[in-house]
């Protein structure tokens, strides 16, 4: 055995970790809706195995995921990973935008006048008076322990501004 042979050979533990990663990727594929699966490039045998796994329960599902992992050894798993990331990126961006609008709403309700001016400057369609009124009404509702009707309206107004950007 030469020095290059030992560098190229993988340890048994490394091989097991790689196979577990393929099974985990297979689980992610099984969890996807069928419409999203169509957007991921994969061989027909693998697609059929993933679709079949959707109907299985417990032990049968575990065995099918083992089978999917074995099939994935023959395909380019990196391409499938990239496609999965591409599918989840728009969702992450939507969640990030949602959280940003929530933070704006909460800050306006707390009385952050600087943010109000910043939003009015950032969004040309923003109506300062309406923003102030919605924030003031939401503050009053919170103080009086009433349902957050104005807070919801403020959130909708801010999301509409953001989406029109």
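The values are calculated or read from the model by the stated rules, or taken from the named source; none is laboratory data. Small disclaimer: the values here were computed from a predicted structure and weren't measured. Positions of Cβ are generated from backbone atoms using ideal geometry, with glycine treated the same way; all protein chains shown enter the neighbour counts.
Each row is one residue, and each column tells you yes or no for (1) outside the structural domain of residue 154 (by TED's automatic domain parsing); (2) touching a residue at least 24 places away in the same chain (Cβ under 8 Å); (3) within 17 Å of the chain's Cα centre (by Cα); (4) surrounded by 14 or more Cβ atoms within 10 Å (Cβ to Cβ).
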| position | (1), (2), (3), (4) |
| --- | --- |
| 42 | yes, yes, no, yes |
| 68 | yes, yes, no, yes |
| 82 | yes, no, yes, no |
| 109 | no, yes, no, yes |
Boolean, residue 121 is exposed (fewer than 11 other Cβ atoms within 10 Å of the Cβ) and either in the same structural domain as residue 25 (by TED's automatic domain parsing) or over 30 Å from residue 37 (Cα atoms) (or both): yes
Can you pull out every residue in the stretch 67-87 that is assigned to a loop (DSSP other than H, G, I, E, B) and touching a helix residue (DSSP H, G or I) at 6+ places or on another chain (Cβ under 8 Å)? 73, 75
Counting only residues that are touching a helix residue (DSSP H, G or I) at 6+ places or on another chain (Cβ under 8 Å) and either within 17 Å of residue 70 (Cβ to Cβ) or in a helix (DSSP H, G or I) (or both), how many does the stretch 22-46 have? 15
Mind checking which residues of the stretch 125-152 are closer than 20 Å to residue 98 by Cβ, touching a helix residue (DSSP H, G or I) at 6+ places or on another chain (Cβ under 7 Å) and surrounded by fewer than 16 Cβ atoms within 10 Å (Cβ to Cβ)? 125, 148, 149
Please go through the stretch 53-66 and pick out each residue that is part of a helix (DSSP H, G or I) and loosely packed, with under 15 Cβ neighbours inside 10 Å. 58, 59, 60, 62, 63, 66
